[in-house]
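Below you'll find the structure, written out as C-alpha cells, and then a few comments.
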Amino acid sequence: MQKKYLLLLATALIVFVSCSSLQNKKGKSLAKNGKSPEKTEKDKNGIKPYDKVITEKAKTDKGLFDIHNLDDKYFYEIPDSLFNREMIMVTRIAKTASGIGFGGGKQNTQVLRWQKKNKQVLLRVVSHEIFAADSLPIHEAVVNSNFEPILYSFPIKAYHKDSINNSTVIDVTDLFTKDIKALGFPASRRKQYKISKLDTKRSYIDTLRSYPLNIESRHVKTYDASNPPSNESVAAISLQIGNSMILLPKEPMKRRYFDQRVGWFARGQTDYGLDAQESKTIKYLDRWRLEVKDEDVEKFKRGELVVPKKQIVYYIDRATPKKWRKYIKQGIEDWQVAFEEAGFKEAIIAKDPPTKEEDPDWSPEDVRYSVVRYLASPIPNANGPHVSDPRSGEILESDINWYHNVMTLLRNWFFVQTAAINPNAQAVAFDDEVMGKLIRFVSSHEVGHTLGLPHNMGSSVAYPVESLRDPVFTKKYGTAPSIMDYARFNYIAQPGDGDVALMPNIGIYDKYAIKWGYRPILDKDAKEEKEVLDSWILEHQDDPMYRFGRQQFGVIDPSSQTEDLGDDAMKASDYGIKNLKRIVPNLIKWTSEKGKNYDDLSTMYSQVLAQYNRYMGHVSSNVGGVYEYYKTYDQEGPVYSHVKKEKQQRAMSFLQNQLFETPQWLLDTSIFNKIEFAGAVERIRKIQERTLNNLLDEGRMARLIENEALNQEEAYTLLDMMSELRQGVWSELRTGKSIDVYRRNLQRAYIERMEHLMTKEQSKIPENIRRFVKRTEVNVSQSDIRAVVRAELSTLQRAINNAIGRTRDSMSRYHLRDASERFDMILNPKG
C-alpha cells in the first residue's frame with residue numbers, strides 16, 4: 001500500500017510540474033492541445049491585436065496614412081475609407097551618383113489602388129490609357145481588357161477600430177528595401193549600366209513621411225553594376241530614390257480637350273465609348289483647377305476680373321538666397337497679366353514660407369504646397385515639372401527645381417549674346433540687379449512649364465529681323481511673342497541702335513495660350529466647349545504672333561528652332577557674327593582681374609564658339625527644310641511646305657562665306673597663348689565637320705529629292721546643293737591657290753562623309769529616344785543619294801588630278817594626291 005501511495009504521489013507531482021511548465025509568462029494557462037484558449041481565430045491567421053503590433057515604442061507620423069516606425073520596420077495604417085481610392089505615385093531620383101542625370105529627374109509615374117482581399121492588402125497598378133463611360137455596354141469589355149496588375153501583396157498585421165475610422169495595418173518595409181522595379185531605377189538605365197541585382201545589404205529606407213494628402217518616401221538603393229558611370233572600383237551604383245504617393249481628388253476636374261495648334265502639355269486616353277468606327281485617342285490638357293466662385297459668376301459673365309476659388313500659390317524655398325527671392329517672385333507673378341486674359345485676377349501669387357517658429361510642420365514635401373526649390377548643385381539648369389491627375393489633367397502640385405549654377409548659364413548667354421552692345425554684360429560678374437533680371441526671366445519661363453505650356457520654338461520667327469533693332473518695337477513686344485521660346489537675348493541689335501529690349505517677357509502668345517487653356521466656358525461640358533475654343537484659334541489663324549511651333553529633336557522645320565531670333569536666319573546670324581567679331585578682341589579685357597588665372601577667358605572664348613556654331617545650325621536647317629504650320633480642315637493652305645529655293649540658296653551661300661572659308665577672326669593668338677598649348681586647328685575642324693555632316697544628312701538629302709519630285713523647277717534640288725557644296729569646299733582647284741591646314745581638314749571631312757554615304761545606310765535611332773526624334777527615313781542604296789555622290793566624287797577626282805600639276809605648294813600637292821587616292825578607294829574598292 002505504501003509503495004502504491006508513493007507511486008501515485010510521484011505521478012501527481014509530474015502532472016503538476018508539466019502543467020506548470022505550459023503556463024505562459026503572464027501565468028495564463030493553456031488548453032490541453034497546448035494552445036492558448038484566448039487565442040482568437042485572427043491570431044491563428046497571423047493577424048494580431050493592434051497593440052501587439054503597434055506598441056508604445058512605435059514612432060508615429062500621422063497623415064494620409066499613419067506611418068509607424070518600430071525597430072527599423074515601417075507600418076502603414078490605412079483607413080478603410082481610402083481603400084480603392086486612386087493615388088498617383090511619382091518616382092524620382094532624389095540624390096544621384098555622378099554621371100547619372102540630376103536630382104529631381106522623374107523615372108516613373110503610375111496610378112495605384114490599395115485594395116483589401118481576404119487576409120491581404122493588394123497594391124494594384126491602375127491604367128487610364130483606355131476608357132469607356134460606365135453607362136455604356138462596352139464599359140464591361142474595357143474593364144475586362146484592363147485588369148489591374150498587382151504590384152505587391154502585404155499580409156494584414158492588425159486591425160484598428162476607433163470612433164472615427166476603422167483601419168488596417170500592414171508592414172511596408174520590403175516594398176522599399178527589396179528590388180521593386182516600378183519604384184526604383186528604370187529598366188533602360190539598368191541595361192545602360194549593366195546592373196545585375198540590388199544589394200540589399202547596402203540598401204535601406206532613409207525616411208517615410210506622411211502628410212494630409214501625400215506620403216513621401218526616400219530610400220537608398222545600391223545596385224551591383226559592371227558598367228557604372230563613376231566610381232568604377234566600387235562596381236556599384238548608389239542612389240536615393242524618392243516616391244511621392246498623392247491622393248487623387250474624389251471628383252475629377254472637367255477636362256479641356258487638346259488642340260495641336262496651341263502648345264500644351266497633354267495626356268491621351270483611348271476612348272472606346274465614342275460614336276466612331278474606330279478606337280480614338282482623346283487628348284486633354286494638363287492645367288490647374290481654376291474655377292469661378294459661385295458668388296462671382298455674374299461678375300465673370302459681365303467681363304469683370306474675379307479671384308478664383310483656389311489660387312495657384314508658389315512658395316520660395318527657405319534655402320533661397322535672400323537677394324534673389326524678390327526676382328523669383330516677380331517671375332512667378334509676371335503671369336498675372338496672362339491670367340487676366342482668362343478672366344482672373346490674382347490667380348497666381350508668390351509667397352515666402354512660414355518660418356519654423358510660425359509653423360514647425362510646414363514642409364516643401366507636402367503636396368499642398370508648390371515650391372521653388374533652391375538646390376546647391378553645380379548643374380547649370382532649372383526645370384519646372386508638375387504632377388497631374390491622369391483622369392482629368394488637373395495639375396495637383398509642382399516644384400520648380402532651381403539649381404544654383406543656373407546663374408553661370410545665364411551669365412554666359414547674356415555675355416556672349418549682348419556684350420557687344422551692352423556695358424552691363426562686359427564682365428564675368430554682373431551686378432545683382434542685372435543678374436536679378438536674368439533670374440526673373442528664367443523664373444517666368446519655368447513657371448510657364450508648370451502652368452502647362454511646353455516650349456514654343458515657332459514663336460520667335462514672328463518678328464522681322466530689323467524690328468529687333470528697333471527700341472520702340474522691342475520695348476513693346478520683347479524679343480519674341482512667347483517667353484516659352486528659347487529666344488534668349490537680343491544678339492541681333494547693333495551698336496548705335498539705342499535702348500533696345502534684350503530679352504522676352506510674357507508676350508502676346510503667352511496671354512492667348514493661357515486664355516485658351518484656362519478661361520472658364522460656363523454651362524458647357526468638355527465636348528460642347530470645343531466650338532468656342534476653335535473660334536478663339538481661328539480669330540488669329542494668320543497672325544504669326546499666335547503661332548505654336550513644337551520643339552524639334554532633329555530640326556526639319558527651320559522656323560521652329562531653339563536659340564534663334566527673327567524671320568530670316570541668314571540675316572539674323574550675320575548680325576550675330578558681327579557682334580561676335582566685336583566681342584573677341586575684347587575678351588581679355590572683359591574677363592581680366594588682378595591675381596586671377598585665365599579660366600574665365602577660356603570659358604568665354606568657348607561661349608563665342610558655341611554661339612557661332614548655333615548660327616551655323618540655324619542657317620543650315622533651311623537647306624532641305626520643310627515648314628510645319630498646324631491647321632484643320634476649316635483652314636486654307638498646306639500644313640507642310642518646302643523652304644523656297646531662293647532662301648535655300650542664300651543659306652548655302654552664307655555657309656560657304658561664313659564657315660567653309662576659314663573664319664580667321666576666330667583665330668586670335670593673343671587668346672590662344674593664354675588658354676591652351678594646342679587646339680585651335682582641331683576646334684575649327686570640328687565646327688566645320690559638324691555643319692558639313694549636317695548638310696550631308698541622309699534625311700535632308702531625301703527631302704531635297706522629294707522637293708524636286710513634287711515642285712520641279714521651283715525646287716532647290718539635291719544636285720544644286722551638291723554642286724554648290726563641292727565648288728565651295730574645293731574652290732582652290734579652280735584657282736590653283738595653296739590650301740591651308742584648315743581647308744585641308746575641311747576637305748578631308750568632306751571625303752569621309754561622302755565615303756559614309758557611299759558605303760553605309762542611315763543609322764538607327766536608339767529605341768529609348770525614338771519617340772522624341774523626328775527625321776526623314778530613307779533607304780540610301782535604293783535612293784538617288786548614292787548615284788549623285790558617285791557622280792560628285794568622279795567629277796571631283798578629275799578636277800583634283802588636273803589641279804595637282806598646277807599646285808606649287810608642296811603640302812597642298814601631297815593633300816591632293818592623298819585625296820585622289822581616297823576617291824579611288826571609295827569608287828573602286830578592292831575585294
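Do any of Lys511/Lys774; Lys62/Lys161; Lys48/Lys117; Lys48/Lys119 go past 22 Å between their Cα atoms, and which?
Lys511/Lys774
List every residue whose amide H lies under 5 Å from the amide H of Asp568, counting only residues 5 or more places away in sequence or on a different chain, with H placed 1.01 Å from N in the peptide plane.
Val465
Can you figure out the FRET efficiency of Ser535 with Ser153, using R₀ = 60 Å and their beta-carbon distance, to the nearest 0.05?
According to the calculation, E is roughly 0.70.
Relative to the longest principal Cα axis of the chain, at what angle does helix 718-729 sit, 0 to 90 degrees, rounded to 10?
Helix 718-729 and the main axis of the chain meet at about 70 degrees.
When Leu409, Leu796 are ordered from fewest to most other Cβ atoms inside 10 Å of their Cβ, what list results?
Leu409, Leu796
Taking other Cβ within 10 Å of each residue's Cβ, how do Trp590, Trp324 sort, fewest first?
In order of increasing Cβ crowding within 10 Å: Trp590, Trp324.
With a cut-off of at most 15 other beta carbons within 10 Å, and DSSP calling the residue loop, which GluC sites (Glu not before Pro) in segment 776-827 qualify? Please list them.
Qualifying residues, ordered by number: Glu777.
How big is the convex hull of the Cα atoms of segment 415-570, per residue, in Å³?
Hull volume over Cα atoms, normalised by residue count, gives 140 Å³.
Can you flag which of Lys326/Lys476; Lys95/Lys157; Lys95/Lys322; Lys221/Lys351; Lys437/Lys571; Lys201/Lys356 are past 30 Å Cα-Cα?
Table pairs above 30 Å Cα-Cα are Lys95/Lys157; Lys221/Lys351; Lys201/Lys356.
What ranking of Tyr716, Tyr477 emerges when the number of other C-beta atoms within 10 Å of each C-beta is taken as an exposure proxy, fewest first?
Ordered by Cβ neighbours within 10 Å, fewest first: Tyr477, Tyr716.
Between helix 680-695 and the chain, what is the angle of the helix's C-alpha long axis to the longest principal axis, kept within 0 to 90° and rounded to the nearest 10?
80 degrees
Taking 7 Å along the Cα-to-C-beta vector as the label spot, tell me the Tyr814-Lys57 distance in nanometres, rounded to one decimal.
Once both label points are built, they end up 8.1 nm from each other.
Among the lysines, which have Cα under 29 Å from the Cα of Lys674 when same-chain residues fewer than 8 positions away are ignored?
Straight-line reach from Lys674, under 29 Å: Lys578, Lys581, Lys589, Lys594, Lys596, Lys686.
What nm distance separates the two modelled labels at Val639 and Gln727, each placed 7 Å from Cα along Cα→Cβ?
3.8 nm
Taking the Cα centre of segment 218-328 as the origin and placing charges on Cβ (Lys, Arg +1; Asp, Glu -1), which of Gly242, Tyr257, Val307 is farthest toward the positive end of the dipole?
Value: Val307.
For segment 50-247, state what percent of all Cα-Cα pairs lands in each successive 10 Å bin, counting from 0 Å until the bin that includes the largest distance.
P(r) for segment 50-247, in whole percents per bin: 8, 31, 31, 20, 8, 1, 0.
Net charge near Asn456: determine it from the other residues with C-beta under 10 Å of the C-beta of Asn456, scoring Lys and Arg +1 and Asp and Glu -1.
0
With angles folded into 0 to 90 degrees, how steeply does helix 810-827 sit against the dominant principal axis of the chain? Use alpha carbons for both and round to 10.
60 degrees
I'd like the FRET efficiency for Lys737 and Glu232, computed as 1/(1 + (r/R0)^6) with the beta carbon distance as r and R0 of 56 Å, rounded to 0.05.
The calculated FRET efficiency here is 0.65.
Excluding Lys197 itself, what net charge comes from residues whose Cβ is under 12 Å from its Cβ, given Lys and Arg +1 and Asp and Glu -1?
Residues close to Lys197 contribute a combined charge of +4.
Using the per-residue mean of other Cβ atoms lying within 10 Å as a proxy for protection, in what order, highest first, do the peptides 739-748, 479-488, 193-202 fall?
479-488, 739-748, 193-202
What is the distance, in nm, between label points placed 7 Å from the Cα along the Cα-to-Cβ direction at Lys309 and at Arg690?
About 5.1 nm separates the two model spin labels.
Sticking to Cα atoms, compute the Rg of segment 562-633 to one decimal and its Dmax as the biggest Cα-Cα distance, whole number, in Å.
Spelled out, the Cα radius of gyration and Dmax of segment 562-633 are 17.2, 67 Å.
Compute the Kirkwood hydrodynamic radius of the chain, taking the inverse of the mean of 1/r over all pairs of distinct Cα atoms, and give it in Å to one decimal.
31.7 Å is the Kirkwood radius here.
Just to be sure I understand: of the beta bridges DSSP finds with both ends in segment 354-488, what percent are antiparallel, rounded to 5?
Antiparallel bridges make up about 50 percent of those DSSP assigns within segment 354-488.
Given R₀ = 45 Å, FRET efficiency for Lys323-Trp665 by Cβ-Cβ distance, to 0.05?
That gives a FRET efficiency of 0.70.
Return a whole-number percent for the relative contact order of the chain, with Cα pairs under 8 Å and 6 or more residues apart as the contact set.
8 percent
A short reminder: the numbers here are calculations on the coordinates, not readings from a lab. Owing to the predicted nature of the structure, the values given are computational and were not obtained by experimental measurement. In this analysis, Cβ positions are derived from the backbone assuming ideal geometry, glycine residues included, and neighbour counts consider all displayed protein chains.
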